[in-house]
1. With a 1.4 Å probe and all protein chains kept in place, how much accessible area does V92 have, in Å² rounded to the nearest 10?
2. Compute the signed sum of charges (Lys and Arg +1, Asp and Glu -1) over the other residues within less than 15 Å, Cβ to Cβ, of Q39.
3. What does the accessible area of T68 come to, in Å² to the nearest 10, when a probe of 1.4 Å is used?
4. Counting only protein heavy atoms and a 1.4 Å probe, tell me what percentage of the chain's accessible area is made up of carbon and sulfur.
5. Please compute the per residue accessible area over the chain with all protein chains in place, 1.4 Å probe, rounded to a whole number of Å².
6. Once you have the Kirkwood Rh of segment 51-117 from its Cα pairs, apply Stokes-Einstein at 10 °C and 1.306 mPa s and quote D in µm²/s.
7. Mind checking the dipole of the chain: about its Cα centre, +1 per Lys or Arg Cβ, -1 per Asp or Glu Cβ, Debye to the nearest 20?
8. Counting only other residues whose beta carbon sits under 11 Å from that of M82, what net charge do I get with K and R as +1, D and E as -1?
Amino acid sequence: QVQLVESGGGLVQPGGSLRLSCAASGNIFSPNAMGWYRQAPGKERELVAAISSGGRINYADFVKGRFTVSRDNAKNTVYLHMNSLQPEDTAVYYCNLKSTFSTGGYWGQGTQVTVSS
């Protein structure tokens, strides 16, 4: 069993910043990848950023250098620093943990990010 607990979402004005955290616990396998996905109303869930246990990082094109993903393997925690937030970033953000050899995996409960004036 794996549990993912997220925090850090909220309401922010355009141009603002947020820091999301996701702490994993349980039987955490390795190698793995931890990623952030988001889903806006009426839209498909999409990858935002992911980082493997070896430190390999992938970003979605829409990040455009604004977001940074990192992880602390000792704390089993992944972070997403989001800068220059815009209304189109409004979505529920989900944390995911999966094997590097498979799709799917475990999901967090999601945290709402709302960017509005």
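1. Rounded to the nearest 10, the figure is 40 Å².
2. Result for the local shell: -2.
3. T68 has an accessible surface of roughly 70 Å² with all protein chains in place.
4. Here it works out to 48 percent.
5. Result: 54 Å² per residue.
6. Roughly 118 µm²/s, to the nearest whole number.
7. Magnitude of the dipole: close to 180 debye.
8. Once positives and negatives cancel, what remains is +2.
The values are calculated or read from the model by the stated rules, or taken from the named source; none is laboratory data. Please read these numbers as outputs of a predicted model, since none were measured by experiment. Please note: Cβ atoms are built from the backbone with ideal geometry, for glycine as well, and neighbour counts cover all protein chains shown. Calculation scope for accessible area: heavy atoms of the full protein, side chains included, ligands and nucleic acids excluded. Shrake-Rupley method; radii C 1.70, N 1.55, O 1.52, S 1.80 Å.
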